[in-house]
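The values are calculated or read from the model by the stated rules, or taken from the named source; none is laboratory data. The structure presented is a predicted model; accordingly, all values stated were derived computationally and were not measured. Here the Cβ positions follow ideal geometry from the backbone for every residue, glycine too, while neighbour counts run over all protein chains shown. We work out accessible area using only protein heavy atoms, side chains counted, and drop any ligands, DNA or RNA first. Shrake-Rupley method; radii C 1.70, N 1.55, O 1.52, S 1.80 Å.
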Amino acid sequence: MTKEKKPAVLLLYTGGTIGMIENPETGALESFRFDELLKQVPELKRFHYRIDTYSFQPAIDSSDMEPELWGRIVRIITENYEHYDGFVILHGTDTMAYTASALSFMLENLSKPVILTGSQLPIGKLRTDGKENLITAIEIAAAKRENGQPMVPEVCIFFENELLRGNRTTKVNAENFNAFRSFNYPPLATVGIHIRFNEHLIRKNDFTQPLKPHFNFNNQVVMLSLFPGIRESIVASVLQVPGLKAVVLRTFGSGNAPQKEWLIRRLKEASEKGILIVNITQCQHGAVEMHRYGTGLQLLQAGVVSGYDCTPECAITKLMFLLGNDLPLEQVRQLMDSDLAGEITRDKE
Ligand code: ASP
């Protein structure tokens, strides 16, 4: 009889509340050693999995996350790709949605689970949400279909009781355990007594393609949120920043903006200068449909492209990623208009 191979999961700790401890003098939460964190979860030994660990030194609060560190995560995954069934990344919640979005583009042809999780309370606290998040994330990272293929070959966030597509996710709560939402795409799994995967919603990957990691970003971008009363001088100075390559413009409703002559002129001039302007809505649910109202149509005529139902986190990381690849502007435009990693619902416009 052949012995079945144990599932193997690589657990990567980048930092965040899950692994923090209270400084007795200042009361602030600070990172502590990863091996100490694991001691707090003796339950991990009950998994009949091989769980190896890797920790950022020093661990970081996710507010300090940077594209270079995304590159480090991708390097670790790439170097260990063949040796593990799945990867769990422990990450602070504050910028987890940005990291998940970035990784979804950086890990082209991903065919193994990359599950990000963290917690609202440190793992050493009695009421911590970290233990359950960690344990379930590991189980999901190792889950297989009947044919032996990974159940969720995607970058996801698991938090509280939902598995969400990473590039569809937003942090919505700084208080509750239920901190993340995916407004425009249903959960890939819901977790209660059972882990129920919504298999039809999970990406169908071509498992024959080798992983193609990417590392470059261009951060000559800005996110500009419109509001009633926004001043021309402010918009003009943003659009005139030397070297600016792209703008994520957060508009109203289904992608509408004030009908000010100066606004449309400034956006058109910027667009003609080669600055890519991507329209996303300030609404959490729903998509940009620039044809719907005159106030949206004028943006389309000014050369603004639709971001569809993309989250702000995803729009900005996708732009930085595409611009980092030194593609011609027309190709970046086309790719912003395409679904690369399940991040937009293309049939809305
Ligand atoms: N500031 C922390 C971080 O993002 C918050 C958390 O982990 O939830 O690293």
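Calculate how many DSSP beta bridges within segment 212-349 are antiparallel, expressed in % of all such bridges and rounded to the nearest 5.
Rounded to the nearest five, the antiparallel share is 5 percent.
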Nearby aspartates and glutamates by direct alpha-carbon distance to K268 (threshold 19 angstrom, same-chain neighbours under 8 apart not counted) | E232, E289, E330, D337
Roughly how many percent of the accessible protein surface of segment 54-171 is carbon and sulfur, given a 1.4 Å probe and a whole-percent answer?
-> 43
Can you work out the accessible area per residue across segment 1-56, with the rest of the protein chains kept in place, probe 1.4 Å, in square angstrom?
-> 68
Using Cα centres only, tell me the gap between segment 96-143 and segment 245-308 in whole Å.
-> 34
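What ranking do 94-105, 263-274 get when scored by the average of other Cβ atoms within 10 Å per residue, highest first?
Descending mean neighbour count gives 94-105, 263-274.
Tell me, what is the per residue accessible area of segment 205-303 in Å², probe radius 1.4 Å? Mind showing how you got there, number by number?
Working: 5070 Å² over 99 residues.
The answer is 51 Å² per residue.
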Percent accessible area from carbon and sulfur atoms, segment 220-349, protein chains only, probe 1.4 Å = 52
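For Cα pairs less than 8 Å apart in space and 6+ apart in sequence, what is the mean separation divided by the residue count of the chain, i.e. the relative contact order in percent? Before the final figure, lay out the partial values.
Details: 723 pairs, mean separation 50.4, N = 349.
The value is 14 percent.
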Over segment 197-304, what relative contact order in percent results from Cα pairs under 8 Å that are six or more residues apart?
-> 26
Max mean-square fluctuation residue, GNM over the chain, Cα-Cα springs under 10 Å, options G253, G130, G16 | G253
Please report the relative contact order for segment 255-305, taking Cα pairs under 8 Å with a sequence separation of at least 6, and give it as a percent rounded to a whole number.
-> 52
Could you state how much accessible area T93 has, in square angstrom rounded to the nearest 10, with a 1.4 Å probe and all protein chains kept in place?
-> 10
A student applying the Cα gyration tensor rule (rounded when a/c is under 1.5; otherwise prolate if a/b is larger than b/c, oblate if not) would label the chain prolate
W262, W70, reordered so the largest accessible area comes first (probe 1.4 Å) = W262, W70
Rounded if a/c under 1.5, otherwise prolate or oblate - segment 69-151, Cα gyration tensor axes | oblate
Rounded, prolate or oblate: which fits segment 1-133, taking a ≥ b ≥ c as square roots of the Cα gyration tensor eigenvalues, rounded meaning a/c under 1.5, else prolate when a/b beats b/c?
-> oblate
